[in-house]
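Just so it is clear, none of the values below were taken in a lab; they were calculated from the coordinates. As the structure is a prediction and not an experimental result, all values here were calculated from the model. For neighbour counting, all protein chains shown are included, and Cβ atoms are generated from backbone atoms with ideal geometry for every residue, glycine included.
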């Protein structure tokens with residue numbers, strides 16, 4: 001399995017008036033289509049999502065997690 005080009009996160013903003021930072025919860029991995037147009041967003045089964053999804057390049061050491069994301073799909 002190749003390393004994903006992006007990692008998907010649900011971003012939960014803190015309550016207004018607090019000094020807390022937004023919480024980023026990893027929800028999946030993103031691979032480009034072979035044609036170069038578009039992407040596949042792989043979200044593990046059983047995960048309920050709502051809100052803002054942000055996709056960013058993966059950090060080092062994320063390849064192992066990506067393999068488990070794709071196996072669950």
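What number of residues within the range 16-48 satisfy the criterion of being assigned to a loop (DSSP other than H, G, I, E, B) and surrounded by fewer than 14 Cβ atoms within 10 Å (Cβ to Cβ)?
First, the residues of the range 16-48 that are assigned to a loop (DSSP other than H, G, I, E, B): 16-22, 33-38, 43-48.
Pick out the ones that are also surrounded by fewer than 14 Cβ atoms within 10 Å (Cβ to Cβ) and you get 16-22, 33-38, 45-48.
Looking only at that region, the number is 17.
Given the condition out of contact with any helix residue (DSSP H, G or I) (no Cβ under 6 Å at 6 or more places or on another chain), more than 16 Å from residue 57 (Cβ to Cβ), without any contact (Cβ under 8 Å) to a residue 24 or more places away in the chain and outside any loop (DSSP other than H, G, I, E, B), answer yes or no: does some residue in the range 2-13 qualify? The answer is no; no qualifying residue exists. Just the residues that are in contact with a strand residue (DSSP E or B) (Cβ under 9 Å, 6 or more places away or on another chain) and free of Cβ contacts under 8 Å to residues at least 24 places away in the same chain, please, taken from the range 14-29. Within the range 14-29, 14, 22, 23, 25 qualify.
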